Amino acid sequence: MKKPVISFLVSGRGSNFRNVVDRIADRTIPAEFGAVISNKADAGALEIARELGIASYTVEPKDYFTRKGHEKAIIRLFEQHKTDLIIAAGYMRILSPYIINKYTCRIINIHPALLPAFPGMAAQKQAIEYGAKVSGCTVHFIDKGTDTGPIILQRTVPVLENDTPAALSNRILEQEHIALPEAVKLFCEGRISVHGRVVKIK
């Protein structure tokens, strides 16, 4: 069976990105590398990609007149690298329906909350301010809403008394580093099927 080709959208330091590429490199995840694309030239994830010899590109929105033009340039790179699965690993731009429709249930994101609770920005701060007793992370497919796509996996952490957003973020990140590679592995092994909003795992 042909191994899926995985490409990445990144914006930041790349800890989740690094975790997945290491699992591809050691063959835990049965996949091939595609492209790493960032909207920021100084993203730490790009440096990791270069160190590992993975094709990397900066596609900055300011270089295009429209969002669609920007996403067309990204799609051209995905197609050039024969991409089967896209991972948004800390990608800090909202994707439009144009790219989402082309890769339905083939774009995976990780969010630092137990969706559908606390979507959007500052999820850890939201959880603390709401008085949640449990938080965690959610790996999901991206759809046209904000953190509303079908849920693949979730992992939990307690919200401690006198917790801070930074402390909670660090504990959640430890679980993100487990959940994201696990979800990607399930996809690459053909063990995921989507039925409406429900993801079933074989």
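Against the test of being without any contact (Cβ under 8 Å) to a residue 60 or more places away in the chain and under 18 Å from residue 166 (Cβ atoms), the options 145, 149, 136, 120 yield a single qualifying residue, 136.
Given 117, 127, 123, 132, which one is touching a Ser or Thr at 6+ places or on another chain (Cβ under 7 Å), modelled with pLDDT of 95 or more and farther than 18 Å from residue 10 by Cβ?
Of the residues listed, the single one that is touching a Ser or Thr at 6+ places or on another chain (Cβ under 7 Å), modelled with pLDDT of 95 or more and farther than 18 Å from residue 10 by Cβ is 127.
Inspection of segment 57-72 finds no residue satisfying the criterion of being among the small types (Gly, Ala, Ser) and touching a residue at least 12 places away in the same chain (Cβ under 8 Å). Residues in segment 176-192 that are of a type in the set (Val, Ile, Thr) and assigned to a helix (DSSP H, G or I) were compared, and the one that is surrounded by the fewest Cβ atoms within 10 Å (Cβ to Cβ) is 178.
Taking the criterion of being under 22 Å from residue 137 (Cα atoms) and at pLDDT 95 or above, the residues of segment 84-94 that qualify are 85, 86, 87, 88.
The strands (runs of 3 or more DSSP E) falling completely within segment 106-175 that include 1 or more residues that are at positive phi map to 134-141. State yes or no: is residue 197 at pLDDT below 95 and either assigned by TED's automatic domain parsing to the domain that holds residue 28 or closer than 29 Å to residue 34 by Cα (or both)? Considered against the rule, which asks whether it is at pLDDT below 95 and either assigned by TED's automatic domain parsing to the domain that holds residue 28 or closer than 29 Å to residue 34 by Cα (or both), residue 197 comes out as yes. Of the helices (runs of 4 or more DSSP H) lying entirely inside segment 1-102, the ones with 1 or more residues being in contact with a helix residue (DSSP H, G or I) (Cβ under 8 Å, 6 or more places away or on another chain) and closer than 21 Å to residue 147 by Cα are found at 15-25, 67-80, 97-102.
The values are calculated or read from the model by the stated rules, or taken from the named source; none is laboratory data. The model shown is predicted, which means the values in this text are computed figures rather than measured ones. Heads up, the Cβs are rebuilt from the backbone with ideal geometry, glycines too, and the neighbour counts pull from every protein chain shown.
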